[in-house]
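The values are calculated or read from the model by the stated rules, or taken from the named source; none is laboratory data. As the structure is a computational prediction, the values presented were derived from the model and not from experiment. We place every Cβ from the backbone using ideal geometry, glycine too, and count neighbours over all the protein chains shown.
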Amino acid sequence: MRAWFACTGAARVTRPVEDTLGRLAAARAHRGLSASVEQNEAWARVIESQQAAVAANGGAGWTIALAYDLVRLERRIDAVLLTDRATLVLECKSRAADRGALRQVEDYALDLRDFRAGARSHPIVPVLVAIEVTPRAVQRSLPWPDVAEPFATTHNGLSLLIQEILAGVPAPDVPLDGETWLAAPYRPVPTMIEAATMPYARHGVAEIAEARAHHANLTRTASAIDRAIEQAKRDRARTVVFVTGIPGSGKTLCGLNAVFGWARTDGGHSSPATCR
């Protein structure tokens, strides 16, 4: 589990705020991080608003995770509310809501969708909780995507917003189980090298060379890159090759073929190329 602390909705309502603050402080100290009075006050507001929201919406069976680590982003989600029908990603700010904060909580939700096993089975709703917001209406019976557009509310308005969101989410065939969700693996994105080599491990160079790019243009461009590399090798010089084109024209594919294609076609005797 990547959360610093998690509990059921029933425990959230009955557990004293000070107890949860102490557990969060212990988790912070265990990670070698320092606490502050401002941080504790912010956590207290978050916990109190969650207690009110859970109690008002009958969320005794929900699961609440605080300070959920996102390895890929090297950030933490303030709180994740796992209801029976949707995952609510909460990010709290001690300032007015702005575009950057909304984008941040949406990025957190997208990260869960992409790298949290099992998170795609139910809607994921990013919610920004700020001091001052311009709320937008929640339509009922929306055809929810896997990640909804972010909502913004205040601590006092959180209960009502959650009620409106859940009213617009169709009841799932299989309710979301918070304990199972927390136990599921988190798989961050592969490194750049892993992502680049993966297509060549699964397909031949010729197959990849045909993928979505104009064959004639791709062949001429690849040949020009080959000539530049050969010339640089003969002259013992350094050469920079710029490949331009519209999105989807095959620029990245040309670079990958220049780096990895030779190793497959000439037994690996060519000197490695550098692609930027």
> Which condition number in (1) at pLDDT 90 or above; (2) among the basic types (Lys, Arg); (3) surrounded by 15 or more Cβ atoms within 10 Å (Cβ to Cβ) is the one that ARG116 fails?
Replying inline: (1)
> Of all residues in the stretch 9-52, how many are farther than 20 Å from HIS155 by Cα and polar (S, T, N, Q)?
Replying inline: 2
> If you go through the stretch 97-119 one residue at a time, do you hit one that is in contact with a helix residue (DSSP H, G or I) (Cβ under 9 Å, 6 or more places away or on another chain) and of a type in the set (Ser, Thr, Tyr)?
Replying inline: no
> Can you spot a residue in the stretch 36-45 that is surrounded by 16 or more Cβ atoms within 10 Å (Cβ to Cβ) and at pLDDT 90 or above?
Replying inline: no
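Pick out the one residue from ARG23, ARG103 that is under 24 Å from VAL169 (Cα atoms) and assigned to a helix (DSSP H, G or I). I'd like the intermediate steps shown before the answer.
On the way: ARG23 fails: under 24 Å from VAL169 (Cα atoms).
Just a single option satisfies the conditions, and that option is ARG103.
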